[in-house]
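Asker: If you scroll down you'll find the structure; I have some questions about it.
Just so it is clear, none of the values below were taken in a lab; they were calculated from the coordinates. Given the structure is predicted, the values throughout are model-derived calculations rather than measurements. Cβ coordinates were reconstructed from backbone atoms using ideal geometry, including for glycine residues, and neighbour counts include every protein chain displayed.
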Ligand SMILES: Nc1nc2c(ncn2[C@@H]2O[C@H](COP(=O)(O)OP(=O)(O)OP(=O)(O)O)[C@@H](O)[C@H]2O)c(=O)[nH]1
Ligand SMILES: [Mg+2]
């Protein structure tokens with residue numbers, strides 16, 4: 001097995017891609033599919049393997065540039081001969097070809113890619129882009145080519161990644177292509193009211209039973225493909241540590257706080273942060289804790305997909321309020337965890353005691369934290385991610 005290095009995808013594929021297998025990334029037009037190929041190549045080379053990119057769409061120079069924008073150094077890999085191009089684009093747009101192999105005539109395509117596969121036993125070949133091949137060669141011919149490439153790849157333990165944009169092809173052709181590869185990942189666009197996102201799911205894999213779960217993704221520069229969580233909520237009673245938590249978990253954050261009659265700042269509107277954690281990115285919203293700002297709760301909780309319910313573990317008199325806030329934010333209906341903060345304070349209750357006191361069932365995890373010491377914050381994030389996406 002080789003890892004794809006795309007967050008969540010390896011889990012969906014049952015650990016990764018078996019050597020010698022072929023996988024099709026089948027994208028609706030407009031979805032950023034090329035990055036999937038680039039990210040897999042980059043990761044697999046980082047793991048100590050070799051690979052190539054066959055390109056008939058983007059010129060090699062632009063691909064090098066694109067890698068750079070994600071924070072990956074393709075040029076170095078090219079120099080070290082860990083990666084090479086099969087340049088099927090330069091000749092056709094009249095610029096000098098780059099790379100170990102180049103294609104000058106369309107009818108050499110098959111033969112030259114076969115050579116490239118032979119060149120990288122146990123490596124990975126990215127075929128970018130199948131659609132362009134189909135546009136230039138006739139359909140039956142392309143199916144034959146796929147078959148030959150896959151056969152050679154199997155014999156050579158080489159993984160082949162096909163990038164495919166589903167233009168207006170006849171459905172039979174698309175079926176035929178899918179039937180000739182070992183696995184298919186569908187890349188779709190997602191529309192929900194005005195939010196338009198991109199999503200991926202494994203639709204089939206010969207070595208695994210995928211669970212057909214669709215996840216949203218975003219392509220970051222730098223960073224590459226990240227799983228996108230539109231909104232996480234942090235709520236809980238006054239003074240529990242919500243603003244501190246949002247600040248600690250975020251790469252950037254702001255809080256709309258006021259120091260008025262209070263000695264210490266209290267949140268009057270909200271906390272907003274942006275989290276980038278282990279392949280996941282999320283916008284995170286903290287609510288005020290005081291009852292006089294409860295009119296904000298409903299607005300902030302709208303469209304949240306997961307929630308942290310934060311309590312001061314040393315203040316059991318506030319637990320009732322915590323339950324009320326679960327209610328008011330509709331957090332009942334979404335995956336959530338309890339963050340048992342201020343474990344450093346005298347009299348702080350253990351997670352088990354808090355579970356008893358709040359009468360929570362076992363399905364809701366309770367994570368102890370000391371947010372001001374940055375203790376337990378990552379674990380809280382990982383625990384909520386597990387609630388949302390499974391192990
Ligand atoms: N001892 C201790 N203090 C903490 C911890 N986490 C936060 N605090 C402190 O608790 C106080 C309240 O923290 P905030 O993050 O403002 O709490 P909040 O939940 O946003 O408060 P409101 O917005 O007013 O509801 C601050 O003085 C923090 O420094 C912790 O783990 N231990
Ligand atoms: Mg606050």
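Asker: Considering only segment 98-120, how many residues are in contact (Cβ under 8 Å) with a residue 12 or more places away in the chain and either loosely packed, with under 15 Cβ neighbours inside 10 Å or over 18 Å from residue 2 (Cβ atoms) (or both)? Spell out how you get there, then give the answer.
Answerer: Restricting attention to segment 98-120, the residues satisfying the condition of being in contact (Cβ under 8 Å) with a residue 12 or more places away in the chain are 98-104, 106, 109-110, 112-120.
Of the ones still in play, those that are also either loosely packed, with under 15 Cβ neighbours inside 10 Å or over 18 Å from residue 2 (Cβ atoms) (or both) are 98-104, 106, 109-110, 112-115, 118.
The qualifying residues number 15.
Asker: Follow-up. Go through segment 1-108 and tell me which strands (runs of 3 or more DSSP E), entirely inside it, have 3 or more residues that are over 19 Å from the mean Cα position of the chain (by Cα).
Answerer: Details: elements: 22-27, 51-55, 83-87.
The qualifying strands (runs of 3 or more DSSP E) are 51-55, 83-87.
Asker: Those residues that are more than 13 Å from residue 173 (Cβ to Cβ), part of a helix (DSSP H, G or I) and in contact with a helix residue (DSSP H, G or I) (Cβ under 7 Å, 6 or more places away or on another chain), I need them from segment 110-138; list them, please.
Answerer: Going through segment 110-138, the residues more than 13 Å from residue 173 (Cβ to Cβ) turn out to be 110-129, 132, 136.
Then keep just the ones that are part of a helix (DSSP H, G or I); that gives 110-119, 132, 136.
Within segment 110-138, 110, 113, 114, 117, 118, 136 meet the criteria.
Asker: Continuing with the same structure: Among all residue pairs at least 6 apart or on different chains, which show Cβ distances below 7 Å where the first residue, located in segment 370-381, is closer than 13 Å to residue 351 by Cβ and the second is within 16 Å of ligand 2 (Cβ to nearest atom)?
Answerer: Correct list of pairs: 376/369; 380/308; 380/339; 380/369.
Asker: What residue, among those in segment 336-352 that are surrounded by fewer than 18 Cβ atoms within 10 Å (Cβ to Cβ) and in contact with a strand residue (DSSP E or B) (Cβ under 9 Å, 6 or more places away or on another chain), is nearest to residue 305 (Cα to Cα)?
Answerer: Here is the first cut: in segment 336-352, the residues surrounded by fewer than 18 Cβ atoms within 10 Å (Cβ to Cβ) are 344-347, 350-352.
Within this subset, residues satisfying the condition of being in contact with a strand residue (DSSP E or B) (Cβ under 9 Å, 6 or more places away or on another chain) are 344-345, 350-352.
Values: 344: 30, 345: 31, 350: 27, 351: 24, 352: 26 Å.
Looking at residues that are surrounded by fewer than 18 Cβ atoms within 10 Å (Cβ to Cβ) and in contact with a strand residue (DSSP E or B) (Cβ under 9 Å, 6 or more places away or on another chain), I get 351.
Asker: Still on this structure: Taking into account only those residues within segment 382-391 that are in a helix (DSSP H, G or I) and in contact (Cβ under 8 Å) with a residue 60 or more places away in the chain, which is surrounded by the fewest Cβ atoms within 10 Å (Cβ to Cβ)?
Answerer: At the first step, the residues of segment 382-391 found to be in a helix (DSSP H, G or I) are 382-389.
Applying the additional criterion that residues be in contact (Cβ under 8 Å) with a residue 60 or more places away in the chain yields 382, 384-385, 387-389.
Values: 382: 15, 384: 23, 385: 23, 387: 17, 388: 18, 389: 18.
Per the criteria, the residue is 382.
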